Structure formats: structure tokens, C-alpha cells
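Enquirer: Just passing along the structure, written as C-alpha cells.
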Amino acid sequence: MNPYILAILLFSLGLGTTITLTSSHWLFAWMGLEINTLAILPLMAQQHHPRAVEATMKYFLTQATGAATLLFASTTNAWLTGQWDILQMSHPLATTMAILALSLKIGLAPLHTWLPEVLQGLDLTTGLILSTWQKLAPFALLLQIQPTNPSILVMLGVTSTLVGGWGGLNQTQLRKILAYSSTAHLGWMILILQYSPSLALLTLITYLIMTSSTFLVFKLNKSTNINMLATSWAKAPALTTLTPLVLLSLGGLPPLTGFMPKWLILQELTKQELAPIATLTALTALLSLYFYLRLTYAMTLTMSPNNVTGTTPWRLPSLQLTLPLAILTTATISLLPLTPTISALLIP
């Protein structure tokens, strides 16, 4: 792709998200989401592969549906209450429609079915943008909506953690596994959103760090399915040693960074007298942990069938930028000791 066109698309991607993050009027927020969607479509279709074009079309249709529903919800709210302000959305019908539209845009269960298929059709770099940056704008809007019926967010959250856990169990494609992982993590965020918005934001930040490092590891190794992970030893031995810790951090095991948000969320749910919900979500985390363990096993404890010449590839200098990977991997593995400081700063 022409670097000037790429620069314009990336600028538009940033602009769309920034407009949505800074808007207080529903029309501005909707406009930001539309700019965001239109900017990523050429990035998704740049491979000119049938799977990439198919994924782009699916993404466009689902995002257009979500945006249209959101516009309908905000117009309905303005019609019923006379308010266009995001924070003033008070009518139950409009609020529920807006929450469902934004759930479709970020891929919460049961509106998640487009996400694994779309992510599978993309390369790992565009998949990284889709799994991280594209979640920010809709999530910012969800943070600002005060639901009139609190049970809808709890239902969406529990369904997402369950579907994210069950869906990833039978997958062999890494991008589909990461898509289900994304749905499960977003379920945790939505579950706690109405009780502690700052904790939901903390969970989002840790999710972005962990997912980015996982995508960058797979990109460096050029791995797209579980069998290809077995060749990682010959390519980057040091990174292959650290990657299981990154994957287990995504699964939420102590003493890694991913344990922090889960621990604080379960604590907050128990304080809100939702112990059964807390127990159920803790059990769904075990489902996710199983497929992260599968990836860990495939990467570290299996050897790819190789002939002698293929065992050690030529050690040519990598053309990929490895500094972001180094920083994100370190953050994914070692941020847990900062929990008291973070909770003192973020959680009142």
C-alpha cells in the first residue's frame, strides 16, 4: 500500500476514535464510529485475498448494522426525552438498544458471531488493530451510558465469558482463539462496568497490553495455527521461553499481570452481593485457561517434524520492530506487584 494512503487511513482511524472519545452529543459519537469503520476497511482488504475481502464485507455489514441501530436508539431517545446528550440517555428502550448496538460493534456474546470469522480472514497486524484500537470508541460510549436495567449488562457479561470459554476450546486457528479470548475478556469488563467503571477501564488497559504482546509474538513467528507454534524454538528460543508466561497471563494466572483485573473484579462482585455470578465467571475463566494451556503445550513441549537442515533457520536479522514486543511482554508478565498502587489510584 502507498505510504501516503496508509498514513491518511491511520490518521482517520485515530481521528474517528478521538471524535467519539471527546464527544458529548450522540451524532458526533456516531460520526466518529463511522469514520473509524470506513478507515479500517481498506486496511482489511489490502491483501486482495478472497478471505480478506469476505472478512471486510462481514465487518462492514455488522458495523453498519450496529451504527444504524445506535443512531436509531439516540434518535428515539431525543424523540422521547428531548435530549441528545450522551450522559442524559434515560429512556429504558433507547438505553437497551444503544447497549445492544455497542455490544454488536465490539463483539459481545450473543452478538459475537462475526468476530472469529472476520479475524480469521485478516493478517495479524490488522487483526491486532481490530482487537485493540477498534474496541476503544464503543467501550467509551458504554462507559457513559447509565443502564436503567442493570441485569442486561450482567447477562451480556456472563454470556460472553461462557461463550468465549466454550468457543475457543475446539479451535486450532490462533486468530479464532484470540477472537474468543477477546469476547471472554470483554465479558469481564461489561460485568463490572456499572459497579466500578474505573475497574472496567483497568481491565481494558491490561487486556490491550496482553493481547498486543500475544499478537506481536505470533507475528514475529509467522504463526497462524497451533501446529505452526511448534517451529518457534528454531526461530526465537528466548521469546519462546517467555511466551507461555504471556499466554498464562491472558488466562489470568498469578503471579502474572492478567490475574490483577480478575482478582479485583471478583472482589467487587462479592461486595455487590453477587457471589453466584462471581463464582460462575471464575469457573468460566478455567475454560479460557484450558486453551491457553493448549497453546503453551504446543509451543514449548512439542517439536516440529524437521529434517536436519530445517531445524535451525538462517539467523538473519529480523526486519520487524521488536521494541514494542519487548515492552509489552515485560508489562504482560510483571505488572502484578503494582496492584496496590493501581487500586489506590483508580478505585475509590
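Enquirer: Taking each pair of distinct Cα atoms in region 115-209 once, what is the resulting Kirkwood hydrodynamic radius in Å?
Expert: One decimal place: 13.8 Å for the Kirkwood radius.
Enquirer: Where the accessible area of the chain is counted over protein heavy atoms with a 1.4 Å probe, how much of it, in %, is carbon and sulfur? Each step should come with its number before you reach the end.
Expert: Values: 11100 of 15540 Å².
Solvent-exposed carbon and sulfur of the chain make up 71 percent of the total.
Enquirer: Okay, moving on. As a test of understanding, state the convex hull volume per residue of region 1-138 from its alpha carbons, in Å³.
Expert: Working: hull volume 12.0 nm³, N = 138.
Expressed per residue, the convex hull around the Cα atoms of region 1-138 is 87 Å³.
Enquirer: Shifting gears a bit: Starting from the Cα-Cα distance between Leu280 and Leu38, subtract it from 0.36 nm times their residue separation and give me the gain in nm to one decimal. It would help to have the intermediate numbers written out before the result.
Expert: On the way: separation 242, 0.36 × 242 = 87.12 nm, distance 3.81 nm.
Computed gain between Leu280 and Leu38 is 83.3 nm.
Enquirer: Can you tell me the 0 to 90 degree angle between the C-alpha axis of helix 133-144 and the longest principal axis of the chain, rounded to 10?
Expert: Taking the Cα atoms of the chain, the angle to 133-144 is about 30 degrees.
Enquirer: When only Cα pairs under 8 Å and 6 or more residues apart are kept, what is the percent relative contact order across the chain? All intermediate terms of the calculation are to be shown ahead of the outcome.
Expert: Working: 498 pairs, mean separation 51.2, N = 348.
With pairs under 8 Å counted, the relative contact order is 15 percent.
Enquirer: Separation of region 188-215 and region 327-344 by C-alpha centroid, Å?
Expert: The distance from the Cα centre of region 188-215 to that of region 327-344 comes to 13 Å.
Enquirer: What span do the alpha-carbon atoms of the chain cover on each of the three principal axes, reported in whole Å from largest to smallest?
Expert: 73, 49, 35
Enquirer: May I pose another question? Residues of region 221-240 with amide nitrogen under 19 Å from the 7 Å Cα-to-Cβ point of Thr330?
Expert: The answer is 238-240.
The values are calculated or read from the model by the stated rules, or taken from the named source; none is laboratory data. What you see is a predicted model, and the numbers here were worked out from it, not measured in a lab. Positions of Cβ are backbone-derived with ideal geometry, glycine not excepted, and every protein chain shown enters the neighbour counts. Accessible surface areas use protein heavy atoms only, side chains included; no ligands, DNA or RNA. Shrake-Rupley method; radii C 1.70, N 1.55, O 1.52, S 1.80 Å.
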